[in-house]
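As structure tokens, the structure follows; a few thoughts come after it.
The values are calculated or read from the model by the stated rules, or taken from the named source; none is laboratory data. None of these values were measured; they are calculated from a predicted model. We place every Cβ from the backbone using ideal geometry, glycine too, and count neighbours over all the protein chains shown.
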Ligand SMILES: O=C(O)C1=C[C@@H](OP(=O)(O)O)[C@@H](O)[C@H](O)C1
Ligand SMILES: C=C(OP(=O)(O)O)C(=O)O
């Protein structure tokens, strides 16, 4: 982990002089948008995504599918007031499936969903598909997808790396069948194989053989979205064998889907209510969802507030006090940076457990959180599978972000309560929330 020169891209994180009181409309879910794009591309008829997230990760997914021959048209839906509205709301993507063609090149950036969900799609193309991405993408685990696809009949050139860069030698179809994988380093291995499986000749039977499986809500999301386009899925949570998922071969329907707001991106705004003892409402919070961010209702309530779901959305009200928490975040790992930031401001220590796999995310999040919170005077130690956080008075300073959008929002959160925090490269929030700095200052009612 190298230090970025201090003069580069330092964003003075606004300090909150009082309690926030705001309504914040959060753009669409990254995880839902990228699954919906893949399923729409594999369908047998055109479909719509309304209010898709338009951020680096989802634009990379759309661009990659276009490179394979899929039509994705930008339109302004009837509910829209203006094309290109800053938060992307009101816009729609019309997805027109087509035969998948190689040769093609895919830039995955550092998007786990693109680097894992698209290689199975590429096996269905009629030529080679080359995958490359950011330097960090070479270090993120992909072996589960590569090895499984080989067992299912694919030809992949990765020069023995088990990682990017690589070329999938698409043959126009894939046998499919049974495969064992160890998905303990990423649930996205399972989701990746299931999403394309209706188009494999024999569908798929995936058995997870590893010690643990993180991010179960994201696998539920995959299963739910497959079923919604007509796929037949057998899985452990509805009476199937433990750790086994089966998808039958079938055609997929085109869907007209309104994408839910990204509840993990709602996290910093809800946390602002907790940290300042204020109140924040997130409109369109779904009554039922598979998004892991829904767990924030319980987690932040335990840390010192209350929430209410009404027609106006989810309103979270801070109590003015923040309590430490002892919690297993294995199911909701992507919430860890925001929870760690809040925990560093609490009135008692916290233990965050079950998130060893975060060492393989956008950056090593356990190391990065420890170093950066301690750099502001905090007292955080890494455990084998998480963090111990003992709150101490913090001071201003540079909060490095390591190209990690959730490190940037964690730094902004600390800045609400600690004067003089400067977040390095806040623009890295473009991975999933390009308008974050503007949304943050609007929430605080600060003139831009
Ligand atoms: O399938 C998905 O959309 C995701 C699954 C999770 O990945 P891991 O299981 O690798 O943590 C999550 O952290 C990531 O942000 C999104
Ligand atoms: C882990 C994350 O992303 P990715 O989809 O790249 O794995 C995240 O958004 O927190």
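Only one of the numbered conditions (1) within 20 Å of residue 429 (Cβ to Cβ); (2) free of Cβ contacts under 8 Å to residues at least 40 places away in the same chain is violated by residue 369, and that is (2). What do you reckon, is residue 163 free of Cβ contacts under 8 Å to residues at least 12 places away in the same chain, surrounded by fewer than 19 Cβ atoms within 10 Å (Cβ to Cβ) and within 16 Å of ligand 2 (Cβ to nearest atom)? Answer is no for this residue.
Do we have residue 120 as modelled with pLDDT of 95 or more and over 20 Å from the mean Cα position of the chain (by Cα) here? No; evaluated as a whole, the condition is false for this residue.
This table checks each residue for (1) in contact with a strand residue (DSSP E or B) (Cβ under 9 Å, 6 or more places away or on another chain); (2) away from ligand 1 (no atom under 16 Å from the Cβ); (3) under 30 Å from residue 130 (Cα atoms).
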position: 17; (1), (2), (3): no, yes, no
position: 31; (1), (2), (3): no, no, yes
position: 44; (1), (2), (3): no, yes, yes
position: 49; (1), (2), (3): yes, no, yes
position: 54; (1), (2), (3): yes, yes, yes
position: 64; (1), (2), (3): yes, no, yes
position: 68; (1), (2), (3): yes, yes, yes
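Counting only residues that are touching a helix residue (DSSP H, G or I) at 6+ places or on another chain (Cβ under 8 Å) and not in a helix (DSSP H, G or I), region 265-285 holds 5 of them.
Considering the conditions (1) buried (at least 20 other Cβ atoms within 10 Å of the Cβ); (2) under 21 Å from the mean Cα position of the chain (by Cα); (3) away from ligand 2 (no atom under 16 Å from the Cβ), residue 286 is excluded by exactly one of them, (1).
Applying the selection to region 414-441, what residues are over 15 Å from residue 11 (Cα atoms) and either in a loop (DSSP other than H, G, I, E, B) or not assigned by TED's automatic domain parsing to the domain that holds residue 350 (or both)? Steps first, answer last, please.
Residues of region 414-441 that are over 15 Å from residue 11 (Cα atoms), as a first pass: 417, 431-433.
Passing the criteria: 432, 433.
For the residues 147, 158, 182, 175, the requirement of being touching a helix residue (DSSP H, G or I) at 6+ places or on another chain (Cβ under 8 Å), surrounded by fewer than 20 Cβ atoms within 10 Å (Cβ to Cβ) and over 19 Å from residue 106 (Cα atoms) singles out 182.
Within region 323-341, the residues that satisfy the criterion of being under 24 Å from residue 290 (Cβ atoms), touching a helix residue (DSSP H, G or I) at 6+ places or on another chain (Cβ under 9 Å) and more than 16 Å from ligand 2 (Cβ to nearest atom) are 325, 327.
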